[in-house]
Each structure stands twice: as C-alpha cells, then as structure tokens.
Amino acid sequence: GATGPQGSTGTDGATGPQGATGTTGATGATGATGPQGATGTDGATGATGPQGATGTTGATGATGATGATGPQGATGATGATGAISGTTIVTTTTGNNTSTGTANCPAGMRATGGGYSGVGSASQNADAQYVNGSYPSSGTAWTVTLTAADNNGFTVYVICAA
C-alpha cells in the first residue's frame, strides 16, 4: 500500500561512547603583528666586569711649550789654580844678514809657544824674508830660521811659563 504519514520525533537517546581522537589539522596562517608594548622599567645595575687587557702605547704627543727661565743659581766655588802660572815673553833680535835666531826662557821656565817678526814682502824684492822654520828647539827655547834676501835682522819671541 501507500506510505503512511511521518511519525512524531522520538526522545533523545543516551550519549554514546567518546570517539577516537582525530588527526591534527594543518597549521593556520600567521596572524597580523600586534601593537608595540609599553617600555619596561630599567633593570638593576649589573656586577662590575673583570679588568680588560692593557692597550697598546699611544703615539708620542707634541712637544710642549718652553718653560719659563729658572732663577740664577748660586755662584760656584773658585776653581783650583792651573798648572801654568807666571808667563813672560822673551825676545832676541838678530843682526843683519842672519838666517837663524833663538830666544831662550829664563831658568826655571818652559817654552809654551813662540814666533818672529821681521821685514816681509809678498814679492821678491831686496827686503824679503822667507820663513823656513819656526819651532821649539828645546823645552826652554824657540828657534826661527829664515832665508833672508835683505840686510835686515828679525826678532824671535818665546812665551815662557813657570
């Protein structure tokens, strides 16, 4: 025959047992960045760290300005007397047409230097004298030897010291 009319809804049945855990779903898309948070308060000061290694030597600095002149020092003590004391000059004048002359120190004195004076000329003329030697001939004498083209004498000097 023909299908009959729908019947009324029945009462809910008892809850069935829990089903098995399903598989993990795919990771969802990253969400939008949130707003900047407020600045936090300063933390406590940390402990002092260990001393660092010594650094390399720096470049030499520029020269400083010259300092002010210091005060004058005290006068120094008088120095000892030197070995030469009491000098004298002895002269000997030669005669005309003489080629060698010697001046001698007095007794107790030594020759420390010497020389001569006479008539000289830059050109060869009748009054020219040419020095061949001027030297200490001993510890107490000075000798001068000339080539003389004149009739004039000359004077030998010796410096003597005690």
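The values are calculated or read from the model by the stated rules, or taken from the named source; none is laboratory data. Predicted model, so just to flag it, every value in this text is computed and none were measured. Cβ atoms come from the backbone with ideal geometry, glycine included; neighbour counts cover every protein chain shown. The protein model used for the area step is the full one, side chains on, heavy atoms only, and it has no ligands, DNA or RNA in it. Shrake-Rupley method; radii C 1.70, N 1.55, O 1.52, S 1.80 Å.
Scoring V158 on the criteria (1) out of contact with any strand residue (DSSP E or B) (no Cβ under 6 Å at 6 or more places or on another chain); (2) surrounded by 11 or more Cβ atoms within 10 Å (Cβ to Cβ); (3) at pLDDT 80 or above leaves a single failure, condition (1). Of note, A20 does not satisfy the criterion of being at pLDDT 90 or above and assigned to a loop (DSSP other than H, G, I, E, B).
Quick one: in the range 112-133, which of the residues that are open to solvent by 30 Å² or more (accessible area, probe 1.4 Å) and touching a Phe, Trp or Tyr at 6+ places or on another chain (Cβ under 6 Å) is modelled with the highest pLDDT?
Of the range 112-133, the ones open to solvent by 30 Å² or more (accessible area, probe 1.4 Å) are 112, 114, 116-127, 130-132.
Now narrow it down to the ones that are touching a Phe, Trp or Tyr at 6+ places or on another chain (Cβ under 6 Å): 114, 116, 118.
Numbers: G114: 94, Y116: 89, G118: 77.
Per the stated criteria, the residue is G114.
Taking the listed residues T81, T88, T94, T145, the one that is open to solvent by 60 Å² or more (accessible area, probe 1.4 Å) and at pLDDT below 90 is T81, with no other qualifying. Of the residues G31, G76, the single one that is part of a loop (DSSP other than H, G, I, E, B) and under 30 Å from A161 (Cα atoms) is G76. Put simply, of G40, G1, G55, G64 the only residue that is at pLDDT below 90 and open to solvent by less than 70 Å² (accessible area, probe 1.4 Å) is G40.
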